[in-house]
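Engineer: Take a look at this one; I'll ask things after.
The values are calculated or read from the model by the stated rules, or taken from the named source; none is laboratory data. In this text the structure is predicted, and so the values were computed from the model without any measurement. Reconstructed Cβ throughout: ideal geometry from the backbone, glycine too, with neighbour counts over all protein chains shown.
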Amino acid sequence: MSDTEVDVLIVGAGVTGINQLYRARQEGFSALLLDEAEGVGGTWYWNRYPEARFDSESYSYGYLFSRELWEEWEWSEEYAGQPEVERYFNHVVDKFDLRRDLRLGRRVTSAVYDQGAGTWTVTTGSGEVYRSRYVVAATGVLSVPFRPVVPGQDVFRGVQYHTGRWPADAVDLRGKRVALIGTGSSGVQLVPALADVVESLTVYQRTPDWCTPLNNAPIPAARQAELKRDYEAVKHTLETSPSGFLHELPNRYAEADTAEERAVFFEKLWKSGGFRKLSTNYIDFLHNPEVNGEWCAFVAGKIRETVRDQETAEKLIPRDHGYGGRRPPFGTGYYEAYNNPSVRLVSLRDTPLVQLTETGVETADGVVRDADVVIWATGWDFGTGALNKLGVRGRAGLALDDYWKDGPRTYLGLASAGFPNFFFPGGPHGSTGNNPRYNGDQVEFVTALMVHAREHGAVVAEVSAAAEEEWTTLMNDQAGRSSFLESSYFYGANIPGKPRKQLLNPTGRSNMQKVATETAAAGFPVFEFGAPA
Ligand code: NA7
């Protein structure tokens with residue numbers, strides 16, 4: 001075998017791809033991992049804007065496959081910042097000698113199945129060609145930045161950035177007039193990071209989100225020791241919890257408390273870390289509008305209390321969705337930043353964005369606000385974006401983006417019929433909760449499947465059309481079980497022309513684990529194993 005012929009060709013050096021490389025090698029497969037980036041980390045390589053950080057607890061995001069790794073790597077904060085996250089991934093690839101199998105700076109432009117041989121041919125932008133038995137596209141759900149088409153983008157004389165493609169060379173924004181478009185998770189992290197640095201910051205908000213405090217903190221030595229000591233228990237919880245977090249589960253319905261007790265409980269939640277506001281709230285919090293509304297009123301009160309200018313405060317309060325209708329952002333000093341005289345908020349609901357001019361941003365009221373820098377914090381082509389762009393062609397030249405033109409069709413969010421030996425852990429229809437945890441389940445499934453095929457002398461493994469249909473129908477039919485609204489990016493609603501289809505797994509991680517475990521234990525009966533055909 002030449003160095004471009006391997007058993008497993010992995011695309012994407014993010015949290016899933018590195019895990020897959022480690023596991024494939026551990027099982028004795030030869031493997032290579034390609035990524036367009038010059039470094040590892042996937043979305044954590046590209047998202048290097050100021051104050052980009054986890055909002056999952058750091059130790060619940062990292063790998064669990066090595067106790068030694070767990071014990072030697074100390075996360076400095078509950079929610080690590082991007083530089084530390086990037087250091088972690090570099091540490092992992094060095095520690096496990098994975099770097100020799102990385103081929104960075106390679107953008108995959110096509111992956112074509114050779115039906116006669118049962119192999120894949122993968123080509124990069126510079127014309128390199130790789131051949132492999134399997135392709136694992138660990139290309140991520142949040143990896144293709146979305147930047148809306150706005151007139152004048154090529155006329156604007158200043159600099160433009162997207163948060164998801166932040167340049168590695170530090171951008172000096174001191175003394176600059178900055179326009180920030182978008183107030184999702186990235187936007188709310190950036191606002192306070194820029195507020196004290198720039199000359200002026202104009203935040204263009206379309207839909208306000210319920211931003212609550214991240215409540216980040218250093219991890220004290222005693223907690224570090226406890227985490228190390230409790231490795232097995234922590235691992236067990238993270239491997240089995242529906243959300244993939246260590247959070248205690250909600251234990252009571254809202255009606256069990258008086259209004260006063262609920263207010264005290266909400267105050268406690270407000271001070272809790274990140275997603276706990278969602279995951280440890282009342283049992284009926286997401287599905288009882290009254291309870292959800294009470295929490296939202298509580299948060300709205302906090303916004304009014306924090307933001308001195310009440311007109312601004314009112315604009316920051318969501319009116320069209322409750323908490324958990326969209327993916328909630330978590331901030332540090334987000335609302336406080338609006339008290340900084342250099343920060344102003346423009347509601348695009350009141351005055352929509354019209355165009356960029358040579359000197360700034362024009363809104364529908366005819367006002368042009370000058371800017372030296374425009375930052376697009378406008379999100380991602382979620383779920384299917386990267387897979388659809390990979391140039392994947394399966395049996396009989398079937399193009400994946402064509403096959404998915406009405407929305408993804410998957411089995412367990414990791415395989416499609418007509419695409420033998422092609423897997424995409426971390427893809428659409430699998431996603432639910434803390435990403436590395438359910439991705440990790442899928443990596444285990446894919447690895448076990450490849451081992452099974454090898455043990456049975458099968459060259460080709462392909463999921464049946466019936467199994468794909470069953471899972472896809474389940475995802476679409478059960479969409480209502482998720483609290484997320486159809487107007488959110490979890491249904492592709494943020495991308496013009498994208499079909500509105502469920503991109504998550506609304507049946508939850510537990511169901512995915514159950515199906516995966518049963519399927520593997522039964523010898524993967526929903527896959528056809530055999531010779532090339
Ligand atoms: P998000 O959460 O998708 O946020 C994107 C933001 O950009 C959101 O406020 C959008 O408003 C706004 N947006 C998108 N298109 C436009 C246009 N055309 N005009 C004005 N504003 C626009 O992406 P993030 O990067 O912040 O976070 C992504 C994930 O990263 C997050 O969920 C975590 O998993 C981590 P809209 O809501 O569409 O009205």
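Engineer: Any idea how many residues of region 415-433 are over 14 Å from N511 (Cβ atoms) and either away from the ligand (no atom under 16 Å from the Cβ) or surrounded by fewer than 24 Cβ atoms within 10 Å (Cβ to Cβ) (or both)?
Structural biologist: Looking only at that region, the number is 11.
Engineer: Additional query: Condition check: touching a residue at least 60 places away in the same chain (Cβ under 8 Å), within 16 Å of the ligand (Cβ to nearest atom) and of a type in the set (A, V, I, L, M, F, W, C). Does V234 satisfy that?
Structural biologist: no
Engineer: R437 versus (1) in contact with a Ser or Thr (Cβ under 8 Å, 6 or more places away or on another chain); (2) on the phi > 0 side of the Ramachandran plot: which is the lone unmet condition?
Structural biologist: Here R437 clears every test but (2).
Engineer: Using the structure shown, decide if V15 is among the aliphatic types (A, V, I, L, M) and free of Cβ contacts under 8 Å to residues at least 60 places away in the same chain.
Structural biologist: Details: among the aliphatic types (A, V, I, L, M): yes; free of Cβ contacts under 8 Å to residues at least 60 places away in the same chain: no.
No.
Engineer: Only one of these is more than 16 Å from the ligand (Cβ to nearest atom) and over 27 Å from G440 (Cβ atoms): R107, R131, R147. Name it.
Structural biologist: Values: R107 fails: over 27 Å from G440 (Cβ atoms); R147 fails: more than 16 Å from the ligand (Cβ to nearest atom).
Criteria check complete, one pass: R131.
Engineer: Every residue in region 126-148 that is part of a loop (DSSP other than H, G, I, E, B) and touching a residue at least 60 places away in the same chain (Cβ under 8 Å), please.
Structural biologist: If the condition is that a residue be part of a loop (DSSP other than H, G, I, E, B) and touching a residue at least 60 places away in the same chain (Cβ under 8 Å), then E128, A138, T139, G140, V141, L142, S143, V144, F146, R147, P148 are the ones that fit.
Engineer: Could I ask something else about it? Taking the condition of being over 25 Å from T109 (Cβ atoms), small (G, A, S) and within 14 Å of the ligand (Cβ to nearest atom), how many residues in region 343-390 meet it?
Structural biologist: The total comes to 3.
Engineer: Another one. Inspect all residues belonging to region 88-107 and state whether any of them is in contact (Cβ under 8 Å) with a residue 40 or more places away in the chain and hydroxyl-bearing (S, T, Y).
Structural biologist: We begin by selecting, within region 88-107, every residue in contact (Cβ under 8 Å) with a residue 40 or more places away in the chain; these are 89-90, 92-93, 96, 98, 101-107.
Remaining after also requiring hydroxyl-bearing (S, T, Y): none.
No, region 88-107 contains no residue that is in contact (Cβ under 8 Å) with a residue 40 or more places away in the chain and hydroxyl-bearing (S, T, Y).
Engineer: Of all the residues that make up region 157-174, how many are away from the ligand (no atom under 15 Å from the Cβ) and either in contact with a Lys or Arg (Cβ under 6 Å, 6 or more places away or on another chain) or of a type outside the set (V, I, T) (or both)?
Structural biologist: Result for region 157-174: 9.
Engineer: Looking only at residues that are of a type in the set (S, T, N, Q) and under 25 Å from the mean Cα position of the chain (by Cα) in region 188-234, which one is nearest to H321 (Cα to Cα)?
Structural biologist: Across region 188-234, the extreme among qualifying residues is T207.
Engineer: What's the number of the only condition in (1) in a helix (DSSP H, G or I); (2) touching a Lys or Arg at 6+ places or on another chain (Cβ under 8 Å) that V203 fails to meet?
Structural biologist: Looking at each condition in turn, V203 falls short on (1).
Engineer: Select from region 106-153 the residues that are on the phi > 0 side of the Ramachandran plot and in the same structural domain as V15 (by TED's automatic domain parsing) and list them in ascending order.
Structural biologist: If the condition is that a residue be on the phi > 0 side of the Ramachandran plot and in the same structural domain as V15 (by TED's automatic domain parsing), then G118, G127, G140 are the ones that fit.
Engineer: Continuing with this model, one more query. Between a first residue in region 163-192 that is surrounded by 24 or more Cβ atoms within 10 Å (Cβ to Cβ) and a second residue that is of a type in the set (F, W, Y) and part of a loop (DSSP other than H, G, I, E, B), which pairs have beta carbons less than 9 Å apart while being 6 or more apart in sequence or on different chains?
Structural biologist: T163/Y49; S186/Y49; Q189/Y49; L190/Y49; V191/Y338
Engineer: Could you list all residues from region 73-83 that are in contact with a helix residue (DSSP H, G or I) (Cβ under 8 Å, 6 or more places away or on another chain) and either more than 16 Å from the ligand (Cβ to nearest atom) or assigned to a helix (DSSP H, G or I) (or both)?
Structural biologist: W73, E74, W75, S76, E77, E78, Q82
Engineer: Are there any pairs with C-beta distances below 9 angstrom linking a residue in region 204-228 that is in contact (Cβ under 8 Å) with a residue 24 or more places away in the chain and more than 30 Å from F484 (Cα to Cα) to a residue that is more than 16 Å from the ligand (Cβ to nearest atom) and assigned to a strand (DSSP E or B), with the two at least 6 apart or on different chains, and if so which?
Structural biologist: Between residues of region 204-228 that are in contact (Cβ under 8 Å) with a residue 24 or more places away in the chain and more than 30 Å from F484 (Cα to Cα) and residues that are more than 16 Å from the ligand (Cβ to nearest atom) and assigned to a strand (DSSP E or B), the close pairs are P218/E77; I219/E77.
Engineer: Oh, and also: Any idea how many residues of region 485-515 are hydrophobic (A, V, I, L, M, F, W, C) and surrounded by 22 or more Cβ atoms within 10 Å (Cβ to Cβ)?
Structural biologist: The total comes to 4.
Engineer: Does at least one position in region 39-50 carry a residue that is of a type in the set (K, R), within 16 Å of the ligand (Cβ to nearest atom), surrounded by 19 or more Cβ atoms within 10 Å (Cβ to Cβ) and assigned to a strand (DSSP E or B)?
Structural biologist: No: region 39-50 contains no residue that is of a type in the set (K, R), within 16 Å of the ligand (Cβ to nearest atom), surrounded by 19 or more Cβ atoms within 10 Å (Cβ to Cβ) and assigned to a strand (DSSP E or B).
Engineer: Further question: Looking only at region 458-499, which residues are β-branched (V, I, T) and within 16 Å of the ligand (Cβ to nearest atom)? Full working, then the answer.
Structural biologist: The first filter runs over region 458-499 and keeps only residues β-branched (V, I, T), leaving 459-460, 463, 472-473, 495.
Within region 458-499, I495 is the sole residue that qualifies.
Table: residues versus (1) part of a loop (DSSP other than H, G, I, E, B); (2) surrounded by fewer than 18 Cβ atoms within 10 Å (Cβ to Cβ); (3) at pLDDT 95 or above.
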residue: K228; (1), (2), (3): no, yes, yes
residue: E248; (1), (2), (3): yes, yes, no
residue: E260; (1), (2), (3): no, yes, yes
residue: A263; (1), (2), (3): no, yes, yes
residue: K268; (1), (2), (3): no, yes, yes
residue: G274; (1), (2), (3): yes, no, yes
